[in-house]
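Below is one structure, written out as structure tokens; the observations come after it.
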Amino acid sequence: MIYFGRNYTSTATVPFDFEYRCCCGFRSPARVVGFASGTGHSPFFADEAGARQRAIERGHANAALDALRSARVAECPRCHRRDATEVRRFWRNWLAAAGGAVALFSLLAFWFWAFALEIVSFGFAAFGILGAVVILLQARSAWIALNRRFEFVTTPTERTSPTGTDPARFMEALPSLSRLMWHLPICVAVCLGDRARLLHELADALRSGLLQGDECRLVEESQRLMARADPAEMRTVRRATRKDIAIAVALSFAAVAFFTTAFVVTGMFAQVWMVNGLDFPVVVVTGDRHTTVEPHGREWRLLRTVPQQLEVRSTSNKLISSQRLEVPGRAGVVVFNVLGVAPLYLETLIYSLHADSGASTQMLTGRSLVVAKDIDFLFSPPPSTIEFHNDGSGRTTKRHLDMLEGGWRSSVRFSVKAHHFLDAARVAEAVALVDPTNEDAILAAARWFEEANEPELGKAFKARLSAAQAAP
């Protein structure tokens, strides 16, 4: 069954007149404007009129609720107090949204950092901070808009001024924003400490000063209007301005501290791949952490970039190798090859628009620690074709690091194919000494030592093999 229908949305603006009362004893008629929207749904287009009516009713109901909340956060013109509960509720919701943005992007940043994608991690961290700043700026705008929707109804005997500002009217009076930048602090200070009369006079002064190009007159008019403003109100403006500046400075220092900490932390850890070319599983021990690597398999672990003891043991806790290892930080891809027998290789791929595409392969057999930078494809097959930006040469280069199937036998075969008989013999020797019952490794080591014309090394291998076979 296919479900369909239509949604209606209604936006409502509801003025709400009431008598404002404050705990300090101040009373005055006031008006607040609520602004909200409501929706109505017509399933299968069966209730079009009802859906429209529900949207209108819900819009008015939500607007009335918005007006009520706006009235609760109005500032008393006598004692300058607000309803603390509603103020906390307003800012709590916005701060929760900002905190959620930081938490979400921080988790994503940590996830990518765990996979050694530091640039992507820094990008998500920056997006998190930027998102929080944007949300807080939106909260500030919403707070100002909330104040603008509230006003006291003045009487001839008691004049009160609106508690909000009118940035739209203020901006309409400015034919040139470039000149405004020189006097923005003065203009904003007068606008924030606004009285309706001063705001209109300021708009006229700005219009005449900017149109005539008389910047000195603009400054003089701004200072004159500021001098006529209520001193208590201007003190409130200065306190709010200092608070905003302090928040901006604190956010800047927090961003710098975050990125500095992230840079230091990412240099303290590195993602290390552990590959096993043997025919049996091994356990890699670093401190109190144990990582089991299956035969011809691979695993990864985050390790500190400090010198540390690394041991390789069998599942029966027999020591296979032990070495002092210093993991480099920010060095690219780091791979620990157990005994150096796994068939690791580095392939340089050339993608071209012409017919000269190709690849060159370098075997990394025999190395316990492999460090490679600028790896585009790690332990995954590269694509046969890619899309790239043509810089005029019509070609681009990619790097691919992977491991052949077959374990140590593939390492021996590749070395023999390249006529590196001694390398093949050393790989087979390392396998035979840790697994004295492996006939394939014993025969391969003896044969390739002979082919390499190294009889002395062959005799030494046989002596070490006899000792390994005699050991319990």
Sorting Arg324, Arg21 on the 10 Å Cβ count, fewest up front, what's the list?
Arg324, Arg21
Proportion of all alpha-carbon pairs of the range 269-409 beyond 22 Å (%)
44
Over the range 419-470 - Rg/Rh using Cα atoms and the Kirkwood inverse-distance radius
0.94
Volume of the Cα convex hull of the range 5-147, divided per residue and given in Å³
138
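Every number here is computed from the coordinates shown, using simple stated rules; none is lab data. Because the structure is a prediction, the values reported are computed rather than measured. Using ideal geometry, Cβ is built from the backbone for each residue, glycine included, and neighbour counts are taken over all protein chains shown.
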